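**Student:** One structure, as structure tokens, below. Some questions next.
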Amino acid sequence: MMTHTKKADENVCNSRSGRWHYNMRRLFACALAGMIMSGCAITQDYQRPPVDIPDKWLVDHQTAADISNTAWWEQFGDPALNALIESALNENKDLRIASAHVQEFTGQLQAVRSGLYPQINYGLSESRDRQSLDRTIPLPSGVDRTNSTHQVGVNVSWELDIWGRMQRATEAARADLLSAEEARQAVILTLVSTVATGYIDLLSLDKQLDTARQTLASREAFLHLFERKFEGGEISGLELARVRASYEKVAEFIPDIERQIALLQNSLSVFVGRNPGAIKRGKTLDTLVMPEVPQGIPSDLLARRPDIRQREQSLIAANARIGVARTQYFPAISLTGLLGYSSITLSDLLQNSANQWHAGAEALGPIFNGGRIEGDVRKAEAIQLQLLNEYLGTIQNAFREVDDSLVSIQKQRERQKILARHISALKDSVYFANIRYNEKMAGYLEIVDAERNLFDTEIRYIQTQVDLFEVIVSSYKAMGGGWVTEADKLIARPDQKIEAADYIR
């Protein structure tokens, strides 16, 4: 009877213990499920912020086709310009630096993404030690005071990404890589535009120099004529001095233009990755073909402009890092394991008797940290807010640049036509001034005044030509487009052929 009662009590105890363990397991499972669900809530996916996009540009240019995705600089029809741009894409140092940045972030993404997988390491160790004879408890007789230990094993650790910390860190690293690639694309955009603009400026200076030399030759002929008249006593010294002054006024332009040409050639040489020196020309400014005006609607800029895409990738990275910061509130749960052998003799190291293993799990979470985690979250949120406004500001600035370029194209064309008519009228003025002078109806100063006005207007017309070419270049830069990819195809250097998409899968 006593035995039966004792067994019944044991059954009751076992039943209560089983229920207690069962309830604890259920409680733990529910808590874990709740924490996992909360973890999903704290790492929000990125959503593109709303953007106020204009319905259309201020000036609407109508053409038959969209040419923003072509290598637009080839429309100039100048092989020398094409060669300069290709050289710049392969040798420019800023572009090489941008390419190296892409490689840097490629490595960073690879390192961060490795945290999603188990980490397996091996270990080999051998140690030898000697125990002291001066011990409280003496060594037993016959025990060698010198010992050796040999160990070999494999260690496995894996942090379970329950709260999405590693996933968000990987997302941030991926966005950083794409941002670096977009920055490289932006360097290409700026580089091609700068080389094209510099080359057009160079052709403009060439034309200004040619115009100045032609004008100077005309005045030199008059100067020699008036020197002979002065020697013959036909004119006064004052008239000769005025003719010489008009000659020297044009002459002073030439050294300054030659200086500008030399400096611009040196600048372009560095842009294309060469030492300072001469730049080979192809066509003249008058024979350059005027490119078509690029097309596109305002919403296209979000996908076309590398600087906008770069800002958005930085915003995506900042959004992901908010999630990384918030996961610090939750415990880091890791699985660990060890499998290996340990022996005091090397010959027995791989015997079954020497094997050892360990398996475990651990959770490490914060209790009190003085507000550090809260500070990290607030910092991440503030950075995200900064980048959000930078992103929106970049878009607004892009809209302004496109509208500015389209308005400038229209008004420069109007101004060019007016200046062409002005030059035609001034040429007539010079012609009639010469007739009046030859018929002794007017003095030479009338010719000087007419030629001075013509020279100044011709210089302004040349600058208008340059402005029109350059504003079309600026419009391609402002529009962005697939032409950057076309330029990228010209890069032959292996260290610059970095495609971010190859590294984010």
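**Student:** Considering every residue within the range 105-126, establish whether at least one is part of a helix (DSSP H, G or I) and more than 30 Å from GLN44 (Cβ to Cβ).
**Tutor:** Scanning the range 105-126, I find no residue that is part of a helix (DSSP H, G or I) and more than 30 Å from GLN44 (Cβ to Cβ), so the answer is no.
**Student:** Would you pick out the residues in the range 66-81 that are assigned to a helix (DSSP H, G or I) and crowded, with 17+ Cβ neighbours inside 10 Å?
**Tutor:** To start, the set of residues in the range 66-81 that are assigned to a helix (DSSP H, G or I) comprises 72-76, 79-81.
Within the range 66-81, TRP72, TRP73, PHE76, LEU81 meet the criteria.
**Student:** Continuing with the same structure: Only one of SER429, SER405, SER353 is open to solvent by 80 Å² or more (accessible area, probe 1.4 Å) and in a helix (DSSP H, G or I). Can you tell me which?
**Tutor:** None of the other options fit; the residue is SER353.
**Student:** So, of the residues in the range 234-280 that are outside any helix (DSSP H, G or I) and open to solvent by 70 Å² or more (accessible area, probe 1.4 Å), which turns out to be nearest to ASN453 (Cα to Cα)?
**Tutor:** GLU252
**Student:** Six or more apart or on different chains, Cβ atoms under 7 Å: show the pairs whose first residue is in the range 52-75 and within 21 Å of LEU288 (Cβ to Cβ) and whose second is at pLDDT 70 or above and open to solvent by 50 Å² or more (accessible area, probe 1.4 Å).
**Tutor:** Here the result reads THR63/GLU292; ILE67/GLU292; THR70/GLU486; ALA71/GLU486; GLN75/VAL289; GLN75/GLU292, each pair linking the range 52-75 to a residue that is at pLDDT 70 or above and open to solvent by 50 Å² or more (accessible area, probe 1.4 Å).
**Student:** Let me ask another. Across the range 461-482, what is the number of residues that are of a type outside the set (A, V, I, L, M) and under 16 Å from the mean Cα position of the chain (by Cα)? Walk me through it before giving the result.
**Tutor:** Applying the first criterion (of a type outside the set (A, V, I, L, M)) to the range 461-482 yields 461, 463-465, 467, 469-470, 474-477, 480-482.
From what's left, under 16 Å from the mean Cα position of the chain (by Cα): 477, 480-482.
Residues in the range 461-482 being of a type outside the set (A, V, I, L, M) and under 16 Å from the mean Cα position of the chain (by Cα): 4 in total.
**Student:** Let me ask you something else. Residue check, LYS93 against (1) loosely packed, with under 14 Cβ neighbours inside 10 Å; (2) of a type outside the set (A, V, I, L, M); (3) over 30 Å from ALA487 (Cα atoms), all met but one. Which one?
**Tutor:** For LYS93, the failing item is (3).
**Student:** Could you give me the residue pairs with C-beta distances under 6 Å whose first residue belongs to the range 289-311 and is farther than 25 Å from ALA172 by Cβ and small (Gly, Ala, Ser), whose second residue is modelled with pLDDT under 80 and open to solvent by less than 30 Å² (accessible area, probe 1.4 Å) wherever it lies, and which are 6+ apart or on separate chains?
**Tutor:** That search, which allows pairs on different chains as well, returns GLY296/SER68.
**Student:** Looking at THR194, THR211, THR215 in this structure, which one is closer than 24 Å to SER474 by Cβ, polar (S, T, N, Q) and either open to solvent by 30 Å² or more (accessible area, probe 1.4 Å) or touching a residue at least 12 places away in the same chain (Cβ under 8 Å) (or both)?
**Tutor:** THR194
**Student:** Here's a follow-up. For the range 138-157, does any single residue satisfy the condition of being under 30 Å from ILE383 (Cβ atoms) and in contact (Cβ under 8 Å) with a residue 12 or more places away in the chain?
**Tutor:** Among the residues of the range 138-157, not one is under 30 Å from ILE383 (Cβ atoms) and in contact (Cβ under 8 Å) with a residue 12 or more places away in the chain, which makes the answer no.
**Student:** Among (1) over 30 Å from VAL402 (Cβ atoms); (2) surrounded by 15 or more Cβ atoms within 10 Å (Cβ to Cβ), which single condition is GLU292 missing?
**Tutor:** For GLU292, the exception is condition (1).
**Student:** Which one of these does GLN44 not meet: (1) outside any helix (DSSP H, G or I); (2) modelled with pLDDT under 50?
**Tutor:** That leaves (2) as the condition not met.
**Student:** Scan the range 132-156 for residues that are open to solvent by less than 50 Å² (accessible area, probe 1.4 Å) and under 60 Å from the mean Cα position of the chain (by Cα) and report the count.
**Tutor:** Number of matching residues: 5.
The values are calculated or read from the model by the stated rules, or taken from the named source; none is laboratory data. Given the structure is predicted, the values throughout are model-derived calculations rather than measurements. Don't worry about glycine lacking a Cβ; one is built from the backbone with ideal geometry, like all the others, and counts go over all protein chains shown. The protein model used for the area step is the full one, side chains on, heavy atoms only, and it has no ligands, DNA or RNA in it. Shrake-Rupley method; radii C 1.70, N 1.55, O 1.52, S 1.80 Å.
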